[in-house]
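Asker: Below you'll find the structure I mean.
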Amino acid sequence: MNLEHKTVRLRLVEPDDAEFILRLRLDDRYNKYLSKVSGGLAEQRMWIENYKKDEAAKLQFYFIIERLDGTPCGTVRIYDLRENSFCWGSWILNNDKTKYAAIESAFLVYRYGFEVLGFEKSHFDVMKGNAGVIKFHERMGATVTGEDELNYFFEISRSSVTAAEAELSKKI
């Protein structure tokens with residue numbers, strides 16, 4: 001499957017991406033709404049190597065978001081696979097991103113979850129203070145299904161994403 005949009009693509013993470021990922025996750029400009037990272041480069045590389053085992057078992061998937069010229073500009077993960085839904089997160093985009101990298105990478109995640117993995121919906125959580133991401137997901141058609149002290153829990157259907165992509169792709 002081609003995981004490429006107009007200006008970005010997704011590719012599965014490799015151990016050699018450890019330095020990029022660590023630098024991205026430790027950067028205070030991007031990590032405010034992410035879980036903290038512990039350890040250094042060797043630990044990050046080992047974490048990716050272990051993650052690749054889950055990928056081989058089709059339990060979870062970790063992607064590098066890169067511009068079409070090959071410049072890495074972010075990460076995103078698919079995990080918590082359920083009977084009819086997948087979760088996605090660890091979505092980070094740095095200053096090397098393209099203008100529409102956020103919307104394009106989201107569409108690519110949904111393409112993978114719906115077309116490759118065969119799910120009909122997606123679930124995810126967003127920290128309550130992350131207003132821009134909350135607004136983004138609501139514009140895509142996601143609905144809040146619950147909340148806790150820190151997070152809103154969302155769900156979005158395949159049909160909502162299809163409708164959003166038909167509308168928003170005209171603007172990209």
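The values are calculated or read from the model by the stated rules, or taken from the named source; none is laboratory data. From a predicted model like this one, the values you see are computed outputs, not experimental measurements. Cβ atoms come from the backbone with ideal geometry, glycine included; neighbour counts cover every protein chain shown.
Asker: How many residues does segment 148-158 hold that are in a strand (DSSP E or B) and in contact with an Asp or Glu (Cβ under 9 Å, 6 or more places away or on another chain)? Before the answer, list the steps.
Answerer: We begin by selecting, within segment 148-158, every residue in a strand (DSSP E or B); these are 151-157.
Going one step further and asking which of them are in contact with an Asp or Glu (Cβ under 9 Å, 6 or more places away or on another chain), we end up with 151-154, 157.
Of the residues in segment 148-158, 5 are in a strand (DSSP E or B) and in contact with an Asp or Glu (Cβ under 9 Å, 6 or more places away or on another chain).
Asker: If you don't mind, another one. Since V161 meets every condition but one in (1) among the β-branched types (V, I, T); (2) out of contact with any helix residue (DSSP H, G or I) (no Cβ under 7 Å at 6 or more places or on another chain); (3) part of a helix (DSSP H, G or I), which condition does it not meet?
Answerer: (2)
Asker: Go through segment 53-70 and report how many residues are surrounded by 13 or more Cβ atoms within 10 Å (Cβ to Cβ) and farther than 18 Å from W88 by Cβ.
Answerer: Adding up the residues that qualify gives 1.
Asker: Also, I was wondering about something else. Quick check, is Y79 aromatic (F, W, Y), closer than 24 Å to P15 by Cβ and surrounded by fewer than 18 Cβ atoms within 10 Å (Cβ to Cβ)?
Answerer: Details: aromatic (F, W, Y): yes; closer than 24 Å to P15 by Cβ: yes; surrounded by fewer than 18 Cβ atoms within 10 Å (Cβ to Cβ): yes.
Yes: the conditions hold for Y79.
Asker: In the list G132, G141, which residue meets the criterion of being among the small types (G, A, S) and at positive phi?
Answerer: Of G132, G141, the one residue that is among the small types (G, A, S) and at positive phi is G141.
Asker: Now for a separate question. Restricting attention to segment 33-51, does a residue exist that is crowded, with 16+ Cβ neighbours inside 10 Å and of a type in the set (D, E, K, R)?
Answerer: yes
Asker: Could you pull out the residue among S90, S85 that is on the phi > 0 side of the Ramachandran plot and not charged (D, E, K, R)? Even if it seems obvious, please write down each step before you answer.
Answerer: Numbers: S85 fails: on the phi > 0 side of the Ramachandran plot.
The conditions single out S90.
Asker: Suppose we keep only residues that are in a loop (DSSP other than H, G, I, E, B) and at pLDDT 95 or above within segment 107-140. Which one would you say is surrounded by the most Cβ atoms within 10 Å (Cβ to Cβ)? Please lay out each step first, then the result.
Answerer: To start, the set of residues in segment 107-140 that are in a loop (DSSP other than H, G, I, E, B) comprises 117-120, 128-130.
If we keep only those that are at pLDDT 95 or above too, we end up with 117-120.
Working: L117: 13, G118: 9, F119: 20, E120: 13.
Selected residue: F119.
Conditions (1) among the aliphatic types (A, V, I, L, M); (2) farther than 22 Å from R158 by Cβ; (3) assigned to a helix (DSSP H, G or I); (4) in contact with a strand residue (DSSP E or B) (Cβ under 8 Å, 6 or more places away or on another chain), marked per residue:
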residue: K6; (1), (2), (3), (4): no, no, no, no
residue: D16; (1), (2), (3), (4): no, yes, yes, no
residue: E49; (1), (2), (3), (4): no, yes, yes, no
residue: K58; (1), (2), (3), (4): no, no, no, no
residue: F63; (1), (2), (3), (4): no, no, no, yes
residue: I78; (1), (2), (3), (4): yes, no, no, yes
residue: T98; (1), (2), (3), (4): no, yes, no, yes
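For every residue, the table says whether it meets (1) in contact (Cβ under 8 Å) with a residue 60 or more places away in the chain; (2) under 18 Å from F136 (Cβ atoms).
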| site | (1), (2) |
| --- | --- |
| L12 | no, no |
| P15 | no, no |
| V76 | yes, yes |
| L81 | no, no |
| G89 | no, yes |
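Asker: Give me a count of the residues in segment 74-103 that are aromatic (F, W, Y) and more than 13 Å from the chain's Cα centre (by Cα).
Answerer: First, pick out the residues of segment 74-103 that are aromatic (F, W, Y): 79, 86, 88, 91, 100.
Still in the running and more than 13 Å from the chain's Cα centre (by Cα): 100.
Residues that pass the stated criteria total 1.
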